[in-house]
Amino acid sequence: MEMKMMILHQIELLPKLLTLALNLPKLVFPTILEFASLSSQNANPKFREAAVTALGVISEGCLELMKNKLQPILHIVLGALRDPEQMVRGAA
């Protein structure tokens, strides 16, 4: 039950993250890139999934900023595509 509540809470936060990215990309992007860089290396697959999901959610609002950081972003996404866990690959 606790895991289900955590997942529902995360789903509720995604639209808010998108809104922030669209309105404040210069504040959102560095924070999410740091989060994704760290979380993509976490042993817990939920963290790795969250890393790729967060990058996807902010991509529309932070497109111009992301263009300048393609190498680390692609490293995270391509690593997720090779992840042994299906949930991580699916998020990528």
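The values are calculated or read from the model by the stated rules, or taken from the named source; none is laboratory data. From a predicted model like this one, the values you see are computed outputs, not experimental measurements. Glycine also receives a Cβ, built like all others from the backbone with ideal geometry; neighbour counts cover every protein chain displayed. To get the accessible areas, we keep the full protein, side chains included, count just its heavy atoms, and leave off ligands, DNA and RNA. Shrake-Rupley method; radii C 1.70, N 1.55, O 1.52, S 1.80 Å.
Kindly sort Lys69, Lys16, Lys26 by accessible area of their heavy atoms, largest first, with the probe set to 1.4 Å. Spell out each step's value before the answer.
Numbers: Lys69 95, Lys16 125, Lys26 160 Å².
Ranked list, largest accessible area first: Lys26, Lys16, Lys69.
If I model a spin label as a point 7 Å beyond the Cα along the Cα-Cβ vector, how far apart are those points for Ala43 and Lys26 in nm?
4.1 nm
Provide the gained length on full extension for the span Phe35 to Leu74, in nm with one decimal, where the gain is 0.36 nm per separating residue minus the Cα-Cα distance.
Answer, rounded to one decimal: 12.6 nm.
Across segment 1-91, how many lysine pairs, 8 or more apart or on two chains, come within less than 25 Å at their alpha-carbon atoms?
Here the count comes out as 9.
How much net charge surrounds Asp83 when only other residues with a Cβ under 14 Å from its Cβ are counted (Lys, Arg +1; Asp, Glu -1)?
+2
Kindly report the accessible area of segment 1-91 per residue (heavy atoms of protein chains, probe 1.4 Å, no ligands, DNA or RNA), in Å².
It amounts to 68 Å² per residue over segment 1-91.
Please compute, over every Cα-Cα pair in the chain, the percentage with a separation greater than 16 angstrom. List each step's numbers first, then the result.
Values: 2181 of 4186 pairs.
Here the tail beyond 16 Å accounts for 52 percent of pairs.
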